[in-house]
1. Of the conditions (1) assigned by TED's automatic domain parsing to the domain that holds residue 139; (2) at pLDDT below 95; (3) in a helix (DSSP H, G or I), residue 99 fails just one. Which one is it?
2. Starting from the stretch 1-23, take each residue that is within 14 Å of residue 52 (Cα to Cα) and list its partners that are at pLDDT below 80 and assigned to a loop (DSSP other than H, G, I, E, B), counting only C-beta distances under 8 angstrom and pairs at least six apart or across chains.
3. Just the residues that are part of a strand (DSSP E or B) and more than 13 Å from residue 249 (Cα to Cα), please, taken from the stretch 192-211.
4. If we only count strands (runs of 3 or more DSSP E) wholly inside the stretch 104-173, which ones have 1 or more residues that are within 24 Å of residue 208 (Cβ to Cβ) and in contact with a strand residue (DSSP E or B) (Cβ under 6 Å, 6 or more places away or on another chain)?
5. Which one of these is in the same structural domain as residue 126 (by TED's automatic domain parsing), out of contact with any helix residue (DSSP H, G or I) (no Cβ under 6 Å at 6 or more places or on another chain) and either in contact (Cβ under 8 Å) with a residue 40 or more places away in the chain or more than 21 Å from residue 107 (Cα to Cα) (or both): 177, 182?
6. Within the stretch 118-130, take every residue that is without any contact (Cβ under 8 Å) to a residue 40 or more places away in the chain and in contact with a helix residue (DSSP H, G or I) (Cβ under 7 Å, 6 or more places away or on another chain) and give me the one that is surrounded by the fewest Cβ atoms within 10 Å (Cβ to Cβ).
């Protein structure tokens, strides 16, 4: 069963709230309560939520939202963002690309490029790029995560440490308003840090919903990236922080000197 973008957004809200009512969801999304009840039925059938009188509660709040749900969440914003990222990548360059749905959309936006050398631990990204016969694709070995279609482990850290690429492209699970980058697993953080250390230009790609999003493993700071791409203008705290650093904030259709 596939989810709509609204259902994915409700799933994300459930990660952050102890409970949601049908009435407040109907008001938030500007639809009828009957429409929200149909959405709730889908989420309950998928095992994401369970009914409570007048609303729903999360079935589990542990870990990240399911990958398939994240692929749907803010899809149009991610596509717009990815198109902007692609404009900053040169033909015939090398790229280390990390895991996540936003880097995955960036990979799709790069298909008009020529002669790219891709290094990744995401099978989804490798498959997307495989349609280009002039792309060279290198995949890390390690422990396969079935749901996320990616690979983690010490061997992945060594993989990214072995290459010096022109661009490192990576996302995060969340960003604190003090600039701290957050993920759900220590391995994800260590791999992301290897990508950042072993590239000439580092691109942090994220959608606005990542600001203030809870994840418990801290690693790195938003200001460490060469360029920070976001689909909407970030909170003022983030803008002020970046202005005091060498990192450049880029929002599609406008560039903010940071």
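The values are calculated or read from the model by the stated rules, or taken from the named source; none is laboratory data. Because the structure is a prediction, the values reported are computed rather than measured. Glycine gets a Cβ as well: all are built from the backbone with ideal geometry, and neighbour counts include every protein chain shown.
1. (3)
2. Taking only residues 6 or more apart or on different chains, the pairs are 14/48; 14/61.
3. 199, 200, 201, 211 - these are the residues of the stretch 192-211 that are part of a strand (DSSP E or B) and more than 13 Å from residue 249 (Cα to Cα).
4. Ranges flagged: 150-152, 165-170.
5. When all the criteria are applied, what remains is 182.
6. If we take residues in the stretch 118-130 being without any contact (Cβ under 8 Å) to a residue 40 or more places away in the chain and in contact with a helix residue (DSSP H, G or I) (Cβ under 7 Å, 6 or more places away or on another chain), then 124 is surrounded by the fewest Cβ atoms within 10 Å (Cβ to Cβ).
Here is a yes/no grid of residues against (1) surrounded by 16 or more Cβ atoms within 10 Å (Cβ to Cβ); (2) in contact (Cβ under 8 Å) with a residue 12 or more places away in the chain; (3) under 19 Å from residue 173 (Cα atoms):
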| residue | (1), (2), (3) |
| --- | --- |
| 203 | yes, yes, yes |
| 213 | yes, yes, yes |
| 216 | no, yes, yes |
| 222 | yes, yes, yes |
| 229 | yes, yes, yes |
| 232 | no, yes, yes |
| 238 | yes, yes, yes |
| 245 | yes, yes, no |
